Amino acid sequence: MKKSTNEGVCLARHISFFVNDYVSSFLTESEHTIRAHKYTLTLYITYLYTIKGVTINKLNASCFNRSNIEDWILWLKNERNCCSETCNNRLACLRVFLKYLGSKEIDYLYLYHEATLIPRLKEPKTKVKGMSKNAVKALMSVPDATDKTGRRDLALIVLLYATACRIDEILSLKNKQIHLNMEKPYITIIGKGSKIRTIGLLPKAVSHLQKYMTEFHGNNPDPEAYVFYSRNTGIYGKLTQPAVGKMLKKHAVCAHEICDEVPINLHAHQIRHAKASHWIEDGMNIVQISLLLGHEHLQTTMVYLDITNDEKAAALATLDDETSQKVTPKWKNADASLLNLCGLS
């Protein structure tokens, strides 16, 4: 096997440190984001080998030039059938690495500047679909209240709708973050970027959650246990998103027979969108909704709720008093030596 060049070793060392240490230590604590950065670099290195014929002795700065990156984006789109949004996310992750690389090796800074000139692919605007209030009511009527699993499913659905939280925020919820025995019950959510927000609970959600906690956690719940845990791993292993997705689709099929407005392929984010839409219908201030959803920018809430131009103007009018108030991989490892060199195996 040919030896790697000094430049190749240098680049491989930076790639390995970036994905295995730097991202989690300095950029984010989100497991999803950490995984996205590692997956992107793994995809790119694999592409260099399988398509460009780059072996460990050929790894150099030119492998990360604009031309190669643009070819990679087209490969993702045309050969792997990735949508524009996915391609743009991969490009963003690669840019972050090149920015890091340029900060460590000034001779490579031009690679980052070249990458910033690569235009994002145009993303078709898709309307996020939520559910009507009747559809939500139908969905909540389906879980079997006489069955333990049914009671768990209902408590989860009620909490998702009551709080409009992201599914991972709810599944990451631990008992110590729930405060039910208060004058105004609430839960503490740790959202994206480890941002903490407090969400109050109304009586219906409190009632379901109290019954659930007593049945599944007893009278003295472990503060470090997950509220919704997996039966396979126990109270210290949270329920997985695929398991919740499967559960929601099962109940959605039954609920669709009651109300045809219930989407058969229901996913958790539609419940979040439904609640946010219902808050708008009930006249809640758009700033309050943005805070409850955990959005950093108000414009994100506008787009997320698919508000029309007229509704945007009306919503912005509520800001006058703002001073009184934030896929399973399908490719195969074709070159273990190159991936190993970069710490990506």
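Selection of region 267-298 for residues being small (G, A, S) and touching a helix residue (DSSP H, G or I) at 6+ places or on another chain (Cβ under 8 Å) yields A268, A274, A276, S290, G294.
Suppose we keep only residues that are of a type outside the set (A, V, I, L, M), modelled with pLDDT of 95 or more and outside any strand (DSSP E or B) within region 173-183. Which one would you say is surrounded by the fewest Cβ atoms within 10 Å (Cβ to Cβ)? Selected residue: K176.
Of the residues making up region 27-42, those that are crowded, with 19+ Cβ neighbours inside 10 Å and either over 22 Å from W72 (Cβ atoms) or among the aliphatic types (A, V, I, L, M) (or both) number 1.
If the condition is being at pLDDT 95 or above and assigned to a loop (DSSP other than H, G, I, E, B), then region 27-52 contributes I51, K52. Inclusion of K275 among residues that are surrounded by 15 or more Cβ atoms within 10 Å (Cβ to Cβ), out of contact with any Leu (no Cβ under 6 Å at 6 or more places or on another chain) and in the same structural domain as K176 (by TED's automatic domain parsing) is warranted. For first residues located in region 90-108 and assigned by TED's automatic domain parsing to the domain that holds L76, partners that are in a loop (DSSP other than H, G, I, E, B) and among the aliphatic types (A, V, I, L, M) and lie 6+ apart or on another chain with Cβ distances below 7 Å form the pairs L91/I118. Determine whether E85 is acidic (D, E) and closer than 24 Å to V19 by Cα. For E85, the condition - acidic (D, E) and closer than 24 Å to V19 by Cα - is met. Scanning for something buried (at least 19 other Cβ atoms within 10 Å of the Cβ) and more than 22 Å from L248 (Cα to Cα), does region 203-216 turn up at least one residue? No; the residues of region 203-216 include none that is buried (at least 19 other Cβ atoms within 10 Å of the Cβ) and more than 22 Å from L248 (Cα to Cα). How many residues, within region 65-90, are of a type in the set (D, E) and either farther than 30 Å from K125 by Cα or not in a helix (DSSP H, G or I) (or both)? Number of matching residues: 1. Of all residues in region 17-24, one or more are more than 18 Å from Y108 (Cα to Cα), within 19 Å of the chain's Cα centre (by Cα) and not hydrophobic (A, V, I, L, M, F, W, C).
Being in contact with a Leu (Cβ under 8 Å, 6 or more places away or on another chain) and either among the aliphatic types (A, V, I, L, M) or in the same structural domain as H208 (by TED's automatic domain parsing) (or both) is the requirement here; does A115 meet it? Judged against the criteria, A115 is a match. Of all the listed residues (S62, S16, S24), the sole one being surrounded by fewer than 15 Cβ atoms within 10 Å (Cβ to Cβ), of a type in the set (G, A, S) and part of a helix (DSSP H, G or I) is S62.
The set of residues in region 100-139 that are among the charged types (D, E, K, R), part of a loop (DSSP other than H, G, I, E, B) and more than 26 Å from the chain's Cα centre (by Cα) contains only E105.
Filtered by the rule that a residue be part of a helix (DSSP H, G or I) and farther than 16 Å from R152 by Cα, region 193-241 gives G193, S194, P203.
The values are calculated or read from the model by the stated rules, or taken from the named source; none is laboratory data. Model, not experiment: these values are computed from the prediction. Every residue, glycine as well, gets a Cβ built from its backbone with ideal geometry; the counts of neighbours run over all protein chains shown.
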